[in-house]
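Scroll down for the structure; my scribbles are underneath it.
The values are calculated or read from the model by the stated rules, or taken from the named source; none is laboratory data. Quick caveat, the model's predicted, so the values are computed rather than measured. Here the Cβ positions follow ideal geometry from the backbone for every residue, glycine too, while neighbour counts run over all protein chains shown.
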Amino acid sequence: MAAARAQIGFFVDATRCINCKTCEIACKDFHDAAVGRRIRKVRSFEGGEFPAVFAYNVSMSCNHCAEPACVQGCPAGAYSKRFEDGIVVHDPEKCIGCRYCTWLCPYGAPQYDAREGRVRKCNLCLGEAEPVCVAACPMRAIEVGPLAEIAARPGATIALRDLPSPALTRPSIRYRVRKEAHS
């Protein structure tokens, strides 16, 4: 799979996220997602032992990976990775509802919608001025931009405790967390 000309990615500042789930609700509403389906999810992590404890929240959706397992494993060809920006798009008209992508994605991004009999996922709100999750976040904890710029930010990391290894699919997301949360 050829690398994107200018890969777009998410930046999630977990030091700002307050777990209000406004991004989840805005995304769910915008995409008219079925009950129980969340295209964007806020996950909370905590751990460690006193005095070295950590807790953080991470807003997650499709990571628009450099090596997306969904693109490589979809038998219907419903997924593609756009060359111009690296966004992984899903064509619901081609989706046969087999759910293979839901098993392949280590981040749980594709969500099966039983009401439609097919999968849905984040397409970065293509056609909108900015993704609704970014616009809705009251803490401005989510941003989208060129991955090279996001990765160069002070404190930006790709590897977090309790998340799958970034080596699996090379996700196009970076986080800012306190050092205790790094893997």
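Conditions (1) under 22 Å from residue 149 (Cβ atoms); (2) surrounded by fewer than 19 Cβ atoms within 10 Å (Cβ to Cβ); (3) without any contact (Cβ under 8 Å) to a residue 12 or more places away in the chain; (4) within 16 Å of the chain's Cα centre (by Cα), marked per residue:
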| site | (1), (2), (3), (4) |
| --- | --- |
| 77 | no, yes, no, no |
| 84 | yes, yes, no, no |
| 92 | no, yes, no, no |
| 105 | no, no, no, yes |
| 108 | no, yes, no, yes |
| 115 | no, yes, no, no |
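In region 39-64, which residues are farther than 13 Å from residue 160 by Cβ, at pLDDT 90 or above, touching a strand residue (DSSP E or B) at 6+ places or on another chain (Cβ under 9 Å) and not aliphatic (A, V, I, L, M)? Selection gives 40, 41, 61, 62, 64.
The number of residues in region 50-59 being surrounded by fewer than 24 Cβ atoms within 10 Å (Cβ to Cβ) and closer than 16 Å to residue 143 by Cβ comes to 2. For the residues 98, 23, the requirement of being surrounded by 14 or more Cβ atoms within 10 Å (Cβ to Cβ) and part of a loop (DSSP other than H, G, I, E, B) singles out 98. Among the residues of region 44-67, the ones that are free of Cβ contacts under 8 Å to residues at least 40 places away in the same chain and within 16 Å of residue 157 (Cβ to Cβ) come to 0 in all.
Of the residues making up region 72-95, those that are assigned to a loop (DSSP other than H, G, I, E, B) and farther than 17 Å from residue 9 by Cα are 74, 75, 76, 77, 78, 91, 92, 93, 94, 95.
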